[in-house]
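Trainee: One structure coming up, written as structure tokens, with questions to follow.
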Amino acid sequence: MANIRIEHVYKHYGKEKHPVVKDFNLDIRDKEFIVFVGPSGCGKSTMLRMIAGLEEITEGGIYIDDQLVNHLPPKDRDISMVFQNYALYPNLSVFENIAFGLRMRKLPKYEIELAVKKASRILEIESYLSRKPRQLSGGQRQRVALGRAIVRNPKLFLMDEPLSNLDAKLRVTMRMEIIKLHQDLKTTFIYVTHDQAEAMTMADRIVVMRDGIIQQIDTPERIYSLPSNTFVAGFIGSPQINLIEGRIQANARGDLEFVTSRLRIAIHEANAELLRKHERVDRTVLLGIRPENISLEALFSDAVITGKYRFTELMGADRFIYLDIGQEQLLSARVSPSVRFEPGASVRLGIDSLKTLFFHPDTGERFAD
Amino acid sequence: MNVLLRNSIRRFTLPRLLFVVVMLLFAVFMLLPIVFIVSHAFKPYDELFVYPPEFIVRRPTTQNFIELAQITSGSIIPISRYLFNSILISAATVLLTTIISAMCGYALAKQPFPGRKILFATIVLMLMFAPEVVQIPRYLVVSGLGLMNTYPGHILPLLALPVGVFLLKQFMEQIPNALLEAARIDGATEFGLFLKIAVPVCMPAVATVAILSFQNSWSNLETSSYFMQDDYMKTFPYFLSTLTSNLANNVARQGAAAVATLIVLAPNLIFFIILQRRVIDTMVHSGIK
Ligand SMILES: Nc1ncnc2c1ncn2[C@@H]1O[C@H](COP(=O)(O)OP(=O)(O)OP(=O)(O)O)[C@@H](O)[C@H]1O
Ligand SMILES: [Mg+2]
């Protein structure tokens with residue numbers, strides 16, 4: 001049960017001039033699953049550690065349930081945290097690892113016993129309670145770390161890349177378990193990752209960060225379909241969104257078109273209005289289109305793009321093909337896995353012009369209503 | 001069983017075998033002085049003076065032990081008093097030195113405070129000083145503090161063990177910060193972090209420091225000879241050494257001397273063996289990389 005409010009938080013390490021976290025503002029509702037995502041070194045861990053109380057806040061305020069916690073030590077914040085390297089106490093058994101926090105809080109013996117049993121049942125680690133951490137596999141260790149976090153019933157869970165040391169398959173399993181845990185515990189979660197798949201599958205809301213600055217805070221769906229800038233657009237989604245630089249021009253009939261040296265794509269009515277509003281006619285823009293919104297079928301006959309086939313990536317249910325369209329970057333498109341092309345073949349594709357996004361060529365901001 | 005044996009034999013390739021043999025020889029070589037001391041204590045007089053000296057006793061006898069017992073029974077102060085002094089002093093020294101070294105090492109490794117670099121450099125520098133260099137200043141300090149003929153006079157000069165601080169600081173630096181942070185979130189106090197996490201995780205090093213400290217204090221003669229004028233305040237090893245000192249050209253008491261050496265050495269050995277098991281045990285159990 002916790003609302004967290006983060007207001008204008010800055011972080012400088014030591015005498016460093018450049019802030020590691022800059023003007024961070026976020027309101028987290030009770031029971032929300034928030035994911036911080038961003039490339040390595042963008043300040044996700046630092047922000048999380050400030051919420052935990054492990055790192056000093058240079059400027060600004062963090063409130064848990066409307067109480068300013070800037071100077072509250074971690075143990076008084078009623079939080080628990082799961083670390084990337086598990087951070088299990090090597091000298092203690094699994095049982096004692098989980099019980100540690102309760103013992104520190106001087107709970108009666110039978111209550112500790114009960115709580116540890118319950119937590120270990122939820123995480124299915126009952127059978128190795130007497131083992132030492134070194135006798136466990138990575139996945140088991142992670143479960144113990146989760147057990148240690150949930151046993152105290154904190155109001156806030158913090159997790160810093162808890163799955164990044166696990167192999168791909170186990171990561172997916174544990175991802176599901178954490179989602180389930182969140183549903184069962186009905187507690188606020190803040191989860192740090194640089195894996196966009198984790199962010200997309202787990203989050204109620206995603207906070208995308210870059211160089212210590214929040215780029216966008218939104219639901220996974222909106223982050224994906226309406227990224228606020230080219231960075232977010234490029235960071236979320238795999239293969240990456242296609243970005244094509246070109247000019248906006250009006251044709252003889254007065255309709256807007258997106259033009260490059262080799263392409264001419266009609267712009268959908270809704271987007272045309274937007275571009276006019278932002279006065280982009282006769283100026284350059286970046287057009288963004290996701291691979292799945294480009295198709296082989298001539299569905300979108302008004303926005304056709306032609307390119308030379310280069311190579312393909314088969315991903316089981318989908319095949320992605322890469323085309324040379326005279327831009328620096330190859331254009332990726334999703335097609336049916338049964339389709340095959342000869343190298344160098346000329347391929348015609350249709351673009352779903354309703355799904356195109358337009359970004360400012362210099363700032364990278366998306367033109368929005 | 002047979003398969004196991006065959007497997008282990010097959011694993012012994014020639015370079016490996018060579019390595020084992022060399023290491024074995026080395027180990028035997030390291031063991032020689034101890035073998036000699038033990039065997040020496042059981043030699044009858046004629047064997048003690050054989051030239052060239054022989055390693056292994058031919059006709060073991062307990063005659064030397066009896067001789068030592070006779071000599072000691074002649075002393076005015078009962079031998080139990082010396083033993084009591086020694087045990088008390090060693091126990092206190094080991095306990096305090098280990099605690100102090102561990103706390104100091106932890107602070108230097110994990111608690112940033114201004115000037116800790118220079119403090120650590122100073123401690124490392126102290127490793128360079130031979131004990132003889134500090135004898136006179138030490139005497140002045142002990143007498144200045146009025147610790148002559150007191151137990152603190154025995155204990156205090158031995159408490160500072162730079163090697164111990166150095167060792168523990170290096171070990172504690174290896175503790176992942178996340179471990180301490182996890183404990184902090186779990187509700188441990190700063191002292192709890194030290195006691196419940198840092199010390200158990202660094203148990204091999206802590207035990208090593210205890211061994212070093214014991215060796216340092218048990219066979220220490222310096223405090224008894226310089227700071228203790230009253231006989232009843234002196235230690236057991238000191239007492240034994242006086243019994244058998246100035247024997248260079250003397251035939252008498254050589255047997256007692258041999259036994260005395262063994263008795264002074266034995267606790268060191270036993271203490272080491274007890275703690276050594278602990279050292280290896282924790283090394284195996286701690287999951288630290
Ligand atoms: N103790 C520190 N002292 C100085 N700079 C630090 C410290 N810790 C982190 N930094 C710097 O702060 C920046 C953000 O670090 P942070 O650990 O928050 O990144 P991150 O987003 O968690 O990255 P990753 O995904 O690699 O974990 C980095 O540039 C890092 O070099
Ligand atoms: Mg990080």
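The values are calculated or read from the model by the stated rules, or taken from the named source; none is laboratory data. If you're wondering where the values come from, they're calculated on a predicted model, not measured in any experiment. With ideal geometry, Cβ positions are generated from the backbone for all residues, glycine too; neighbour counts draw on all protein chains shown.
Trainee: Quick check, is A:V116 surrounded by 22 or more Cβ atoms within 10 Å (Cβ to Cβ), more than 16 Å from ligand 2 (Cβ to nearest atom) and more than 16 Å from B:A183 (Cα to Cα)?
Mentor: For A:V116, the condition - surrounded by 22 or more Cβ atoms within 10 Å (Cβ to Cβ), more than 16 Å from ligand 2 (Cβ to nearest atom) and more than 16 Å from B:A183 (Cα to Cα) - is met.
Trainee: Residues A:L185, A:L170, A:L181: which one is among the aliphatic types (A, V, I, L, M), within 28 Å of A:A115 (Cβ to Cβ), away from ligand 1 (no atom under 16 Å from the Cβ) and touching a helix residue (DSSP H, G or I) at 6+ places or on another chain (Cβ under 6 Å)?
Mentor: Just one listed residue meets the conditions, A:L170.
Trainee: If you don't mind, there's one more thing I want to ask. Grab the helices (runs of 4 or more DSSP H) fully contained in the stretch B:129-199, keeping just those with 3 or more residues being within 14 Å of chain A (Cβ to nearest Cβ).
Mentor: B:177-186
Trainee: Report, by residue number, each residue of the stretch B:101-121 that is exposed (fewer than 11 other Cβ atoms within 10 Å of the Cβ) and in a helix (DSSP H, G or I). Break it down into steps so the answer makes sense when it comes.
Mentor: Taking the stretch B:101-121 first, the residues exposed (fewer than 11 other Cβ atoms within 10 Å of the Cβ) are B:112-115, B:117-118, B:121.
Correct list: B:K117, B:I118, B:A121.
Trainee: Shifting gears a bit: Which residue is farthest from ligand 1 (Cβ to nearest atom), if the candidates are limited to the stretch A:30-46 and must be buried (at least 16 other Cβ atoms within 10 Å of the Cβ) and among the small types (G, A, S)?
Mentor: Applying the first criterion (buried (at least 16 other Cβ atoms within 10 Å of the Cβ)) to the stretch A:30-46 yields A:31-38, A:42-46.
This time we only want the ones that are among the small types (G, A, S), so: A:38, A:43, A:45.
Numbers: A:G38: 6, A:G43: 4, A:S45: 3 Å.
Of everything passing the filter in the stretch A:30-46, A:G38 is farthest from ligand 1 (Cβ to nearest atom).
Conditions tested, residue by residue: (1) more than 19 Å from the chain's Cα centre (by Cα); (2) in contact (Cβ under 8 Å) with a residue 40 or more places away in the chain; (3) not assigned by the TED database to the domain that holds A:I217.
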| site | (1), (2), (3) |
| --- | --- |
| A:Y10 | yes, yes, no |
| A:E16 | yes, no, no |
| A:D23 | yes, yes, no |
| A:D30 | yes, yes, no |
| A:F33 | no, yes, no |
| A:F36 | no, yes, no |
| A:D66 | yes, yes, no |
| A:L72 | yes, no, no |
| A:K75 | yes, no, no |
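Trainee: Still on this structure, I have one more. With the condition kept exactly as written, say whether any residue in the stretch A:217-239 is over 26 Å from A:M47 (Cβ atoms), surrounded by fewer than 22 Cβ atoms within 10 Å (Cβ to Cβ) and of a type outside the set (A, V, I, L, M).
Mentor: Within the stretch A:217-239, one or more residues are over 26 Å from A:M47 (Cβ atoms), surrounded by fewer than 22 Cβ atoms within 10 Å (Cβ to Cβ) and of a type outside the set (A, V, I, L, M).
Trainee: On to the next question. Among the candidates A:R310, A:R280, single out the residue that is in contact with an Asp or Glu (Cβ under 8 Å, 6 or more places away or on another chain) and over 22 Å from A:I236 (Cα atoms).
Mentor: After applying the criteria, what remains is A:R310.
Trainee: Among the residues in the stretch B:207-225, are any within 14 Å of another protein chain (Cβ to nearest Cβ) and modelled with pLDDT of 90 or more?
Mentor: yes
Trainee: I'd like the residue in the stretch A:165-186 that is β-branched (V, I, T) and surrounded by fewer than 18 Cβ atoms within 10 Å (Cβ to Cβ) and, out of all such residues, is farthest from the chain's Cα centre (by Cα).
Mentor: Out of the qualifying residues, it is A:T173.
Trainee: Taking the stretch A:256-275, which residues are touching a residue at least 12 places away in the same chain (Cβ under 8 Å), surrounded by 14 or more Cβ atoms within 10 Å (Cβ to Cβ) and either more than 19 Å from A:D362 (Cα to Cα) or out of contact with any Asp or Glu (no Cβ under 9 Å at 6 or more places or on another chain) (or both)?
Mentor: If the condition is that a residue be touching a residue at least 12 places away in the same chain (Cβ under 8 Å), surrounded by 14 or more Cβ atoms within 10 Å (Cβ to Cβ) and either more than 19 Å from A:D362 (Cα to Cα) or out of contact with any Asp or Glu (no Cβ under 9 Å at 6 or more places or on another chain) (or both), then A:L256, A:F258, A:V259, A:L263, A:I265, A:A266, A:I267, A:H268, A:N271, A:A272, A:L275 are the ones that fit.
Trainee: Might you check whether a residue that is over 18 Å from A:D204 (Cβ atoms), away from chain B (no Cβ under 14 Å), within 16 Å of ligand 2 (Cβ to nearest atom) and not acidic (D, E) occurs anywhere in the stretch A:46-64?
Mentor: Checked the stretch A:46-64: no residue is over 18 Å from A:D204 (Cβ atoms), away from chain B (no Cβ under 14 Å), within 16 Å of ligand 2 (Cβ to nearest atom) and not acidic (D, E).
Trainee: So which residues in the stretch A:188-222 are within 15 Å of A:I28 (Cβ to Cβ), among the hydroxyl-bearing types (S, T, Y) and either away from ligand 1 (no atom under 16 Å from the Cβ) or without any contact (Cβ under 8 Å) to a residue 12 or more places away in the chain (or both)?
Mentor: Within the stretch A:188-222, A:T188, A:T219 qualify.
Trainee: Here is a further query. Please work out which residue is nearest to ligand 1 (Cβ to nearest atom), limiting yourself to the stretch A:47-63 and to residues that are among the hydrophobic types (A, V, I, L, M, F, W, C) and touching a helix residue (DSSP H, G or I) at 6+ places or on another chain (Cβ under 8 Å).
Mentor: Here the answer is A:L54.
Trainee: Quick check on this structure: which one of A:I79, A:I6, A:I98 is more than 16 Å from ligand 2 (Cβ to nearest atom), more than 14 Å from chain B (Cβ to nearest Cβ) and surrounded by 17 or more Cβ atoms within 10 Å (Cβ to Cβ)?
Mentor: A:I6
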